[in-house]
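What follows is a set of notes on a single structure, which appears directly below.
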Amino acid sequence: MTVRQARSEVTRRKIIDAAVGLFNDVGYSNAGLGDIVEHAGLTKGALYHHFSSKEALAAAIIDEGSDILLKTFQSISRSPAPALESMIHGVLVVVEMANTDKLVRMGAVLLRIFAKFSDLSTTNYGVWLAEMATQVRRAQSEGDLRAEIDAQKAADFIVSALLGAELISNALSGGADVLERVTETWELLLPAVASEQSLPYLREYLGRESMRRHGRSAST
Amino acid sequence: MPGLQQSVAKCLAEWVVPFSNGRILLSPVCCGPEACRHSFPDCWIEAVVTDQTDRRADSARAPLVRAAAQQFAHKPYSLVNLDDVVAAVDVTRGGMYFHFPSKQALAIAVIDEADKLGREAAAGVLASKLSGLETLIDLSYLVAVLDLSDDMARAGLYLLESIGRADGIEERSLRELVNALSQIARRAVDEGDIAAGRDPDDVARLLVSMYIGVRHTSDLDAPRQFLLDIEKAWKLLLPGFANPERMGYLQQFVHRRTAVALGKMTLPNC
């Protein structure tokens, strides 16, 4: 990377960070490009050099947030764990991240705002459905997921159920109980998709996950 | 290196660029292209030549380390012939000595590279944020699969034992490893997977000994047997320090990791 590219990247970061902060404080629709420029301590020219409009800025935040989550999930999938364990664990880690990381959280909020008005949601959710289907197939070959289930349908169902849990948690508790809700969703999903011989172990795995999280939030 | 070629072109246009040891030193003596070429013909030629040698030398280092790893992974240190290493990458002995003055220097580069590989892979497992004991089990399978499938990892571990003793490299590496594992074991004690009262340092040392031991008593060229031997070792060790109440779950956890690792080893090019 040349010095100029590095400098340009720093400017881009400043704009995105300022936008995330401002969207968070006053809401996407109330934040003007002028405010963002002021918060970032830059000129309008610098902003327009990177983003042609507020929508382009929002799209960049959605992409970056989604990218961070997907990479985290994929990195967990590459661990020495069986696929279904990685799915359970990866979803909980990603949900926790979407709740704590400002940029990721704003990306998720903006994705909902834009859902019906652009193809951003089609692309973003599409990537997740494909990723989940890959893991479902692996879980089937490892004997954890029942063989007679259609992999893509199971993946769609799992992603829908988890997104729904997150949506309801955000609506009813501002996201405070999202991990409990996602854990409960897994408790209900597992008997539906897991093979008979793996189910007792997987329940225990899930139980340990939520116990550990409770332990951590209680100690901090 | 197109950048350097551009600098040379720029030299012809604006500057005289004297070269020493292949490094560019911009000299503020202005001259036109023709003057540059005529006044400093050697400079210009040397610039191009230096550029090419540098490029060749730079690109030879990594392949040399890889070729060396292939040799060190399958032969004892003393039996590795450097002619086989240079032949595999089409570099002259002189080209090799430019980077590695001795067989030992080359071996140390392999150890370093393997160390980097291991740390990167381990970072992925650590970022997964599993429980402490689960992380320790996962790390052992991660290392086993690397050891079985990647010459760099395997050569690094062999060399650590054979030549690492000389410069204290082995002692340093093992101490770092034990310290890192000990911190994870401490977490496992807090989480209740390792029985209270067990010393995390002892657990960490035992696990490192177990792996190094299995490497000697089992056979890395028989992947299936090797992984089953690692599983047996875990199943025998766990009752020594794990919480009895969690034993059923942990034994299954180990069994499931073995199954995944066995699956990986039966895939081609893994």
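Is there a residue being part of a loop (DSSP other than H, G, I, E, B) and without any contact (Cβ under 8 Å) to a residue 60 or more places away in the chain anywhere in the range A:152-169? Let's see the steps before the verdict.
First, pick out the residues of the range A:152-169 that are part of a loop (DSSP other than H, G, I, E, B): none.
The answer is no; no qualifying residue exists.
Residues that are over 13 Å from B:Phe241 (Cα atoms) and more than 18 Å from the chain's Cα centre (by Cα) within the range B:179-207 comprise B:Asn179, B:Leu181, B:Ser182, B:Gln183, B:Ile184, B:Arg187, B:Asp190, B:Glu191, listed in sequence order. Could you please let me know if A:Arg181 is in contact with a helix residue (DSSP H, G or I) (Cβ under 6 Å, 6 or more places away or on another chain) and without any contact (Cβ under 8 Å) to a residue 40 or more places away in the chain? Here the answer is yes, as A:Arg181 does meet what is asked. Considering only residues in the range A:38-72 that are under 30 Å from B:Gly124 (Cα atoms) and of a type in the set (Val, Ile, Thr), the one that is surrounded by the most Cβ atoms within 10 Å (Cβ to Cβ) turns out to be A:Ile62. Filtered by the rule that a residue be over 15 Å from the mean Cα position of the chain (by Cα) and part of a helix (DSSP H, G or I), the range A:101-136 gives A:Ile113, A:Phe114, A:Ala133, A:Thr134, A:Gln135, A:Val136.
Select from the range A:82-104 the residues that are buried (at least 21 other Cβ atoms within 10 Å of the Cβ), of a type in the set (S, T, N, Q) and more than 14 Å from chain B (Cβ to nearest Cβ) and list them in ascending order. If the condition is that a residue be buried (at least 21 other Cβ atoms within 10 Å of the Cβ), of a type in the set (S, T, N, Q) and more than 14 Å from chain B (Cβ to nearest Cβ), then no residue fits.
Within the range B:182-223, restricting attention to residues that are within 17 Å of B:Leu130 (Cβ to Cβ) and part of a loop (DSSP other than H, G, I, E, B), the residue that is nearest to the other protein chains (Cβ to nearest Cβ) is B:Glu191. Filter the range B:231-270 down to the residues that are more than 9 Å from every other protein chain (Cβ to nearest Cβ) and either of a type in the set (Ser, Thr, Tyr) or more than 24 Å from B:Leu220 (Cβ to Cβ) (or both) and list them by number. Hits for the range B:231-270 are B:Pro239, B:Gly240, B:Phe241, B:Ala242, B:Asn243, B:Pro244, B:Glu245, B:Met247, B:Leu250, B:Gln251, B:Thr258, B:Thr266. Criterion applied to B:Ile194, B:Ile169 was being under 23 Å from A:Glu204 (Cβ atoms) and among the aliphatic types (A, V, I, L, M), and the one residue passing it is B:Ile194. Screening A:Gln135, A:Gln140, A:Gln74 for residues that are within 14 Å of chain B (Cβ to nearest Cβ), within 30 Å of A:Ala18 (Cα to Cα) and polar (S, T, N, Q) leaves exactly one candidate, A:Gln74.
Against the condition in a loop (DSSP other than H, G, I, E, B) and surrounded by fewer than 19 Cβ atoms within 10 Å (Cβ to Cβ), how does A:Ser79 come out, does it pass? The answer is no for A:Ser79.
Any idea which of A:Ala155, A:Ala165, A:Ala147 is crowded, with 19+ Cβ neighbours inside 10 Å, more than 14 Å from chain B (Cβ to nearest Cβ) and closer than 28 Å to B:Ala259 by Cα? Give the steps one after another, and end with the answer.
Values: A:Ala165 fails: closer than 28 Å to B:Ala259 by Cα; A:Ala147 fails: crowded, with 19+ Cβ neighbours inside 10 Å.
Answer to the selection: A:Ala155.
Of all the residues in the range B:107-166, those that are outside any helix (DSSP H, G or I) and away from chain A (no Cβ under 14 Å) number 2.
Within the range A:154-173, does at least one residue satisfy the condition of being of a type in the set (S, T, N, Q) and over 18 Å from A:Ala108 (Cα atoms)? Taking every residue of the range A:154-173 in turn, none turns out to be of a type in the set (S, T, N, Q) and over 18 Å from A:Ala108 (Cα atoms).
B:Phe226 meets all of the listed conditions (1) among the aromatic types (Phe, Trp, Tyr); (2) within 14 Å of chain A (Cβ to nearest Cβ); (3) within 22 Å of the chain's Cα centre (by Cα) but one, namely (2).
Would you pick out the residues in the range A:147-166 that are of a type in the set (Asp, Glu) and modelled with pLDDT under 90? So that I can check it myself, show each step before the final result.
The initial filter retains those residues of the range A:147-166 that are of a type in the set (Asp, Glu), namely A:148, A:150, A:156, A:166.
Selection gives A:Glu166 alone.
The values are calculated or read from the model by the stated rules, or taken from the named source; none is laboratory data. As the structure is a computational prediction, the values presented were derived from the model and not from experiment. Note that each Cβ is placed from the backbone with ideal geometry, even for glycine, and that neighbours are counted across all protein chains shown.
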